[in-house]
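Please read the structure below before turning to the comments.
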C-alpha cells in the first residue's frame, strides 16, 4: 500500500495526517503550541514547530495503524510569511515573527515608496504594501535588531525551517516566495532592485538560493530526522507551501474562473486566472506559484476565526458552539441592529491597513452573546464580499466559492457567506484543504501522478453545495452598505 504523511503548521497548532492514494485520511493528530500576542506583535518559538511535528506525525501514524515503513513521501503546508532568522545550523536567533504581526507597517510604506516594478503585485503598484510580507519584516529586523540581522545566515519562513530540519537542505518554496517575497519567476526572479533601493541588498544572500515549486522533491530525510519521526531515510520530502495556497489544491480549485476561500484564524480568497490581473485593492496576480501556466489572484482577511477565539477568551470559554449556532440562527439577518467591523488585527484587503481596528457598533442592553456571535460572522461575511467586489472591479468574477477550513463546521456561517456574497458555496467531502492538498503534492512527488490536476482528480472528492437565500441576500445588501461606511468613518477616529 502507498501512504503519505502531511503536516499543516497553522497559527494555533500543528496537525499531521496520514493519507492513502485515494485521498482518504487514515490517521490524524494535532499538537497546540504557544503564541505570544502583544498589540501589533505576534511571535512563536520555532523549536515548538519541530517538536510538534514529531509528536503529531507519530500520533497520526499510530492512529492510522500502518507500518511506518509504508510512508513514501511527506509534504507540508505552513503559515505564510512567518519569518525566521536562523544561524548556519538552522537554529533560531530570535522568536519567529508571525504572519499576522504588523510591527513593520513603517517599513511597508518604505517598500511602496521605492516604486519598484516588483510592486505590481501590490494593487498594480498602487499599494499598499502589507506589513505582513517578507521584505518589510526583514527591513524591520535590520533597522531594529541589526545584530540579529547581521548574524542571520538565513532569513526565511516556517516552511523552510521545517525543510532544513527534515533534509538538511536550504530551499524556499516558489509558492511562498512568489506570494510574499516579491519573487517573480517570469521577470528575473528575486526583486534585487527593490532590495537595493531599500539598502537591503544583503538579504538576497540570506535567502535560500534554491527555489522549489510545489510537488517537486527537495530531498530525503536525514538520518536524525528519520530517527525522530520513526520513518525510513528514503522517504521523499516534497515541496509544499503556504497553507492557504496548498489548500486550493485540497479544495480542487484549479481551473480558471474557480474561486477558493480558506478559513481558519484568517480568511484567504484565491481565484485561478488564465492571465495576469493587477488592480488596486487586489493582490497578485502571481504566475506559476501553484499550477504551471496559471495565475492566482488574491484577497484576504487578517482576523476571522481568531475573532471567534477572542470572543471565547473574553467570556472565559470554551463557548458552547451548538447552543450559540442554534440561537444565532434564530435571529434575522443583521443580528437585530448589531454590526461588526472585522479588522481586529488590521485589514489585509481591499484596504491593506495594518492600523485599522475592529468595532462592534449598535450595541444595546438587549443584545446577548449570540447576537455578538452572529454579528461577528456577518461582519466577516461582509469583509469577504468587499474582497469579491474588488475582484469583480478588476475583471475577475467567480460564479461559486469553494470553502475549506474552520468555517465549514458551522452551517450558519456557510449560509451567511453564501447570502452575503450572493453566490453558491461549495464544500468538498474533505474540508481539511491544506492537508489534502499536501497529500496530492506528495503523490505527485512520489511519482503516482503526472500533474497536480491528475492528483486532484483522484484524491479530491465532491461534497455539498449551499445556495444563497434570495430574501437574505436582499436584506444583506442594505446592511452591507452600512458595513462599507464603517471603515472610512472609523479611520477618521482611530487615525
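Does residue 240 satisfy being under 15 Å from the mean Cα position of the chain (by Cα), within 29 Å of residue 350 (Cα to Cα) and in contact (Cβ under 8 Å) with a residue 40 or more places away in the chain? Criteria met by residue 240.
Identification of strands (runs of 3 or more DSSP E) wholly contained in the stretch 254-363 with 2 or more residues that are more than 22 Å from residue 185 (Cα to Cα) yields 259-263, 267-273, 295-301, 339-341, 359-361.
Residues are listed down the side, and each one gets a yes or a no for (1) surrounded by fewer than 17 Cβ atoms within 10 Å (Cβ to Cβ); (2) under 17 Å from residue 205 (Cα atoms); (3) touching a strand residue (DSSP E or B) at 6+ places or on another chain (Cβ under 9 Å):
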{"site": "123", "(1), (2), (3)": "no, no, yes"}
{"site": "128", "(1), (2), (3)": "no, no, yes"}
{"site": "135", "(1), (2), (3)": "no, yes, no"}
{"site": "138", "(1), (2), (3)": "no, yes, yes"}
{"site": "150", "(1), (2), (3)": "yes, yes, no"}
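Among the residues making up the stretch 442-495, those that are more than 13 Å from residue 23 (Cβ to Cβ) and not in a helix (DSSP H, G or I) are 446, 447, 450, 451, 464, 465, 466, 467, 468, 469, 495.
Reported count of residues in the stretch 447-488, each being more than 25 Å from residue 419 (Cα to Cα) and crowded, with 19+ Cβ neighbours inside 10 Å, is 6. Residue 82 meets each of the listed conditions (1) farther than 15 Å from residue 7 by Cα; (2) in contact (Cβ under 8 Å) with a residue 12 or more places away in the chain; (3) surrounded by fewer than 23 Cβ atoms within 10 Å (Cβ to Cβ) apart from (3). I'd like to check something: does the stretch 342-355 contain any residue that is more than 30 Å from residue 258 (Cα to Cα) and either outside the structural domain of residue 127 (by TED's automatic domain parsing) or without any contact (Cβ under 8 Å) to a residue 60 or more places away in the chain (or both)? Looking through the stretch 342-355, at least one residue is more than 30 Å from residue 258 (Cα to Cα) and either outside the structural domain of residue 127 (by TED's automatic domain parsing) or without any contact (Cβ under 8 Å) to a residue 60 or more places away in the chain (or both). Of all residues in the stretch 185-204, none satisfies being surrounded by 19 or more Cβ atoms within 10 Å (Cβ to Cβ), touching a helix residue (DSSP H, G or I) at 6+ places or on another chain (Cβ under 7 Å) and under 22 Å from residue 434 (Cα atoms).
In the stretch 471-491, the residues that are assigned by TED's automatic domain parsing to the domain that holds residue 386 and farther than 17 Å from residue 337 by Cβ form Cβ pairs under 7 Å with partners that are buried (at least 17 other Cβ atoms within 10 Å of the Cβ) and at pLDDT below 95, at six or more places apart or across chains, as follows: 487/351; 487/356; 491/356. Looking across the stretch 42-90, the residues that are under 23 Å from the mean Cα position of the chain (by Cα) and assigned to a loop (DSSP other than H, G, I, E, B) come down to 45, 79, 80, 81, 82.
On the stretch given as the stretch 97-109, residues that are under 19 Å from the mean Cα position of the chain (by Cα) and either in a helix (DSSP H, G or I) or within 24 Å of residue 185 (Cβ to Cβ) (or both) total 1. When the residues of the stretch 313-338 are filtered to those that are out of contact with any helix residue (DSSP H, G or I) (no Cβ under 7 Å at 6 or more places or on another chain) and either within 11 Å of residue 372 (Cα to Cα) or in contact (Cβ under 8 Å) with a residue 60 or more places away in the chain (or both), the one that is surrounded by the fewest Cβ atoms within 10 Å (Cβ to Cβ) is 332.
Determine whether residue 268 is without any contact (Cβ under 8 Å) to a residue 40 or more places away in the chain, buried (at least 22 other Cβ atoms within 10 Å of the Cβ) and on the phi < 0 side of the Ramachandran plot. Taking the combined requirement at face value, the residue satisfies it. What about residue 94, is it closer than 30 Å to residue 53 by Cβ, assigned to a loop (DSSP other than H, G, I, E, B) and free of Cβ contacts under 8 Å to residues at least 60 places away in the same chain? The answer is yes for residue 94. Condition test on residue 310, is it under 21 Å from the mean Cα position of the chain (by Cα) and surrounded by fewer than 19 Cβ atoms within 10 Å (Cβ to Cβ)? Answer is yes for this residue. Would you say residue 371 is in the same structural domain as residue 479 (by TED's automatic domain parsing) and under 20 Å from the mean Cα position of the chain (by Cα)? Criteria not met by residue 371. Cβ separations smaller than 6 Å between residues 6+ apart or across chains give the following pairs from the stretch 203-221 residues that are at negative phi to residues that are part of a loop (DSSP other than H, G, I, E, B) and crowded, with 21+ Cβ neighbours inside 10 Å: 206/152; 221/235.
Of the residues making up the stretch 384-408, those that are assigned to a helix (DSSP H, G or I) and in contact with a helix residue (DSSP H, G or I) (Cβ under 8 Å, 6 or more places away or on another chain) are 384, 385, 386, 388, 406, 407, 408. The single residue among 444, 460, 376 that is more than 17 Å from residue 300 (Cβ to Cβ), at pLDDT 95 or above and in contact with a strand residue (DSSP E or B) (Cβ under 6 Å, 6 or more places away or on another chain) turns out to be 376. Of 112, 93, all but one fail to be modelled with pLDDT of 95 or more, more than 17 Å from the chain's Cα centre (by Cα) and closer than 20 Å to residue 183 by Cβ; the exception is 112. Answer with yes or no whether residue 434 is part of a helix (DSSP H, G or I), under 22 Å from the mean Cα position of the chain (by Cα) and either free of Cβ contacts under 8 Å to residues at least 24 places away in the same chain or farther than 20 Å from residue 340 by Cα (or both). It is true that residue 434 is part of a helix (DSSP H, G or I), under 22 Å from the mean Cα position of the chain (by Cα) and either free of Cβ contacts under 8 Å to residues at least 24 places away in the same chain or farther than 20 Å from residue 340 by Cα (or both).
The values are calculated or read from the model by the stated rules, or taken from the named source; none is laboratory data. The structure presented is a predicted model; accordingly, all values stated were derived computationally and were not measured. Because the Cβ atoms are built from the backbone with ideal geometry, glycine has one as well, and the counts that use them run over all protein chains shown.
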